[in-house]
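Presented below is the structure to which this report refers.
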Amino acid sequence: MSVVVSRRAALLMTLSGLVSACAPKVPDSGSQPDPAANVPPEILAMYGELEDNGFHIPAVNPRYLIAENTRTEVDLAITESPGAIIVDPWQRYLYLIRGGNRALRYRVAVGDQGRSFEGAAVAQYDRVWPSWRPTDNMIRERPDMYAAYADGLPGGPQNPLGARAIYLFRGGRDTYYRIHGTNEVASIGHATSAGCIRMYNQDAIHLAANYVKGGKVLVLNPDQSASAFGSYVPATTPYSGASFNQPASQPATADPAYGYPTGFPESPYTSSLN
């Protein structure tokens, strides 16, 4: 695989990182200005609330809708064919390749297990509001955490796979690696303590509607990521959840519009009941 970012795109990414690094962190004080004030209306609409297959998806809080976190089309010279998905778990972006050296770029969150997967796979299929079940190994090793979900958790707003999940296979077998939506919107752009590749639910729906079923997925290793995109620029949006980059002082907290069942962890390895 050969990846080349145009000089203009590289400069824009560098400038974006510099500006983001200088930006103050948004405190939780209610006295702060409306975070939507500086977000373009088309971005607010892109990540607005949705009614989807009988479930309500809240709007993404505008505080998280900085430019680096929102879906956009970028220059990307690459040898992969249109329709391929490139996952960069180190820079925390996913690219849906289009023609003419262009790609749709999505911001993602990645778990430590997610970064242990690399190389080529096949986007075998997707599921709408997928169900979730811990693997037998997970139940056997941590019955205190997973036994309650041995019969599975139906799809819905409290399911950790979110509104859509794309299932990756290799050699005709399920890898148990997923690209999926998430209810924990604050985690996007961060390296969290668990999970595969997570996206805003709005982006997961968009990707599932536009990817090529049976198409190639390439997950970059650290060297490929560094060669193509340079050093990682940390996310500037706030996140209080657990991270394997910098341990948090408090447990992960979801946006108030969402919620997990009590004690329910987000798992990197899941199997569908659909």
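The values are calculated or read from the model by the stated rules, or taken from the named source; none is laboratory data. Predicted, not measured: the structure shown is a model, and the values here were computed from it. Note that each Cβ is placed from the backbone with ideal geometry, even for glycine, and that neighbours are counted across all protein chains shown. The protein model used for the area step is the full one, side chains on, heavy atoms only, and it has no ligands, DNA or RNA in it. Shrake-Rupley method; radii C 1.70, N 1.55, O 1.52, S 1.80 Å.
Numerical summary
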read-out	value
Test result for I139, part of a helix (DSSP H, G or I), hydrophobic (A, V, I, L, M, F, W, C) and touching a residue at least 40 places away in the same chain (Cβ under 8 Å)	no
Verdict on G30 being loosely packed, with under 15 Cβ neighbours inside 10 Å and either in contact with a helix residue (DSSP H, G or I) (Cβ under 8 Å, 6 or more places away or on another chain) or at pLDDT 90 or above (or both)	no
Odd one out for Y211, checked against (1) at pLDDT below 95; (2) over 19 Å from S131 (Cα atoms); (3) open to solvent by 10 Å² or more (accessible area, probe 1.4 Å); (4) not small (G, A, S)	(1)
Sole residue being at pLDDT below 95 and touching a helix residue (DSSP H, G or I) at 6+ places or on another chain (Cβ under 7 Å), chosen from P89, P157	P89
Close pairs (8 angstrom Cβ cut-off, 6 or more residues apart or separate chains): closer than 15 Å to D88 by Cβ and among the polar types (S, T, N, Q) in the range 215-241, assigned to a loop (DSSP other than H, G, I, E, B) and at pLDDT 80 or above anywhere	N221/E118; S225/P89; S225/W90; S225/Q91
Where A204 falls short, out of the listed (1) open to solvent by 10 Å² or more (accessible area, probe 1.4 Å); (2) in a helix (DSSP H, G or I); (3) under 26 Å from L44 (Cβ atoms)	(1)
Restricting the range 153-164 to residues that are open to solvent by 20 Å² or more (accessible area, probe 1.4 Å) and of a type outside the set (A, V, I, L, M, F, W, C), the residue that is nearest to R92 (Cα to Cα)	R164
Flag if I43 is at pLDDT 50 or above, within 30 Å of A121 (Cα to Cα), open to solvent by less than 60 Å² (accessible area, probe 1.4 Å) and in contact with a Leu (Cβ under 6 Å, 6 or more places away or on another chain)	no
The listed residue being farther than 16 Å from R178 by Cβ and hydroxyl-bearing (S, T, Y), out of Y125, Y93	Y93
Test: residue in the range 51-68 that is free of Cβ contacts under 8 Å to residues at least 40 places away in the same chain, touching a strand residue (DSSP E or B) at 6+ places or on another chain (Cβ under 8 Å), part of a strand (DSSP E or B) and open to solvent by 60 Å² or more (accessible area, probe 1.4 Å)	yes
Selection within the range 72-92 - touching a residue at least 60 places away in the same chain (Cβ under 8 Å), open to solvent by 10 Å² or more (accessible area, probe 1.4 Å), within 24 Å of I43 (Cβ to Cβ) and not in a loop (DSSP other than H, G, I, E, B)	V74, D75
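Table: residues versus (1) touching a Lys or Arg at 6+ places or on another chain (Cβ under 8 Å); (2) surrounded by fewer than 17 Cβ atoms within 10 Å (Cβ to Cβ).
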residue	(1), (2)
G100	no, yes
A109	yes, no
A123	yes, no
V128	yes, yes
W132	no, no
P143	no, yes
I166	yes, no
R170	no, yes
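Condition check ((1) among the acidic types (D, E); (2) closer than 23 Å to I188 by Cα; (3) modelled with pLDDT under 95) across all residues:
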{"position": "D75", "(1), (2), (3)": "yes, yes, yes"}
{"position": "E80", "(1), (2), (3)": "yes, no, yes"}
{"position": "Y95", "(1), (2), (3)": "no, yes, no"}
{"position": "G99", "(1), (2), (3)": "no, no, yes"}
{"position": "Y106", "(1), (2), (3)": "no, yes, no"}
{"position": "D144", "(1), (2), (3)": "yes, no, yes"}
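Matching residues to (1) closer than 24 Å to P62 by Cα; (2) among the charged types (D, E, K, R); (3) part of a loop (DSSP other than H, G, I, E, B):
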site: A147; (1), (2), (3): no, no, no
site: D151; (1), (2), (3): no, yes, yes
site: G155; (1), (2), (3): no, no, yes
site: Y167; (1), (2), (3): no, no, no
site: H180; (1), (2), (3): yes, no, no
